[in-house]
Each structure stands twice: as C-alpha cells, then as structure tokens.
Amino acid sequence: MRTVFLLWHSYPREDALDENDTEDKLVGVYSSAAEADAARLRKLRFEGFRDYPDNFQVSEMEIDKDAWSEGFVSVKT
C-alpha cells in the first residue's frame, strides 16, 4: 500500500455563524508523516497559522483509491 500525507489547516471564519463554519486550507501533500510535521513547523512562523497553532491535521491517504465512494454532497453557507 502506497500512501501520502495531507496537511490541512482550518480555523473559524470571521463571519462564522457557528463553530462548523471554518476556513480550510490544504497546506501540502507529503511522502511521510515526518515531512508533514516538518511543514507544519515551518508554517507556524506565518500569521494565521501561528494564530491557530493547534488547528493542523494530517490525513493519511492511500494512492489510487477513491476516498469518496458514493453520492454527491453540496454544502451552502
């Protein structure tokens, strides 16, 4: 199984109506969890990222495999 590691950062929107209304950014895709963590540490120097240092998430994804297997969802805010 070949995998990659996606580094995400999210934080509450300024005009948020509730806690689920977030601004989400895909920071990057990395070959290992260690590389993703190194990127997280680099980003902490920048405004926005440093304001929400605990809002990073790493997702491990298998290559050549559907992550969304059925249906379609549209979310409007």
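We did not get these values from a lab; they are worked out from the coordinates using the rules stated. Just so it is clear, the structure is predicted and the values come from calculations on it, not from any experiment. We place every Cβ from the backbone using ideal geometry, glycine too, and count neighbours over all the protein chains shown.
Which residues does the label zone of Met61 cover in region 5-34, counting backbone N under 20 Å from a point 7 Å along Cα→Cβ? Residues 5-11, 22-34 fall inside that zone.
Recomputing semi-axes √(5λ) of the Cα gyration tensor in Å from the coordinates shown identifies the correct label among [x] 23, 21, 7; [y] 16, 13, 12; [z] 20, 14, 11 as [x].
Placing unit charges on the Cβ atoms only, positive for Lys and Arg and negative for Asp and Glu, gives the chain a dipole magnitude near 400 debye about its Cα centre. Along region 17-32 the Karplus relation, 6.51 cos²θ - 1.76 cosθ + 1.60 evaluated at θ = phi - 60°, assigns HN-Hα couplings of 8, 8, 5, 8, 8, 10, 9, 10, 10, 7, 6, x, 10, 10, 7, 8 Hz to successive residues, with x for each Gly and Pro. Please give the FRET efficiency for Thr3 paired with Arg45, using the beta carbon to beta carbon distance and R0 = 30 Å, rounded to the nearest 0.05. With R0 = 30 Å, the Cβ-Cβ based efficiency is 0.60. Mean separation of Cα pairs under 8 Å and 6 or more residues apart, divided by the residue count, gives the chain a relative contact order of 40 percent.
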